[in-house]
Amino acid sequence: MNAGDGARDSAHAGARDILGGVGGTLHHVEVWVRDLEAAVASWGWLLERLGWVPYQRWECGRSWRLGGTYLVVEASPAVRGEAYDRRRQGVNHLAFHVAGEQEWEKVTAEALERGWRLLFADRHPFAGGPGHRAAYLENGEGFEVELVAAEDGPEAVGGAGPGAGVAS
């Protein structure tokens, strides 16, 4: 164990003690979109394929839930400015675990059939680096997701990935 390991372990232990073990976990993510129908088709399919279940539905939005976390897509009337660009300051992408390499290959192929586009095709499936099997996909609105084969544990997912200094 190096000096950093103890600090990391105690930080994680402290987070588990807050709110009965959920402290520090992600509560929800809200993605604002211009076209709700297109977002529901791409995000909804992907999330449900990964085991998320429909959670909430309202006039300009939908959400899906997995455990204690939910993801919202909303065509808010407050959306302003130009179309989304993941290369601007802000969130670049969301990364999801996929259970097993065979399942990862199936989900990736199905996503491509459903309109998601493979990014970094010249480096696929190791665009995130050696030993990090992942598919980087972009939907029609320009949102990027990373599908990570489960063999990459949480410690491997923390890597810099292709966004570290590379225009993605």
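Filtering region 53-67 down to residues that are hydrophobic (A, V, I, L, M, F, W, C) and part of a strand (DSSP E or B), which residue is farthest from H27 (Cα to Cα)?
For region 53-67, the residue satisfying everything is W58.
Take the conditions of a type in the set (A, V, I, L, M, F, W, C), in contact with a His (Cβ under 6 Å, 6 or more places away or on another chain), modelled with pLDDT of 95 or more and not in a helix (DSSP H, G or I) and apply them to V148. Does it pass?
yes
Can you name every residue in region 50-85 that is surrounded by fewer than 16 Cβ atoms within 10 Å (Cβ to Cβ) and under 13 Å from the mean Cα position of the chain (by Cα)?
Result: L66, T69.
Only one of (1) in contact with a Phe, Trp or Tyr (Cβ under 8 Å, 6 or more places away or on another chain); (2) within 25 Å of E113 (Cβ to Cβ); (3) not in a helix (DSSP H, G or I) fails for Y70. Which number is that?
Looking at each condition in turn, Y70 falls short on (2).
For region 92-145, give me each residue that is under 20 Å from A41 (Cα atoms), of a type in the set (A, V, I, L, M) and assigned to a strand (DSSP E or B).
Residues satisfying the conditions are L94, A95, V98, L118, A135, L137, V145.
The values are calculated or read from the model by the stated rules, or taken from the named source; none is laboratory data. Here the structure is a predicted model, which means the values were calculated and not measured. Every residue, glycine as well, gets a Cβ built from its backbone with ideal geometry; the counts of neighbours run over all protein chains shown.
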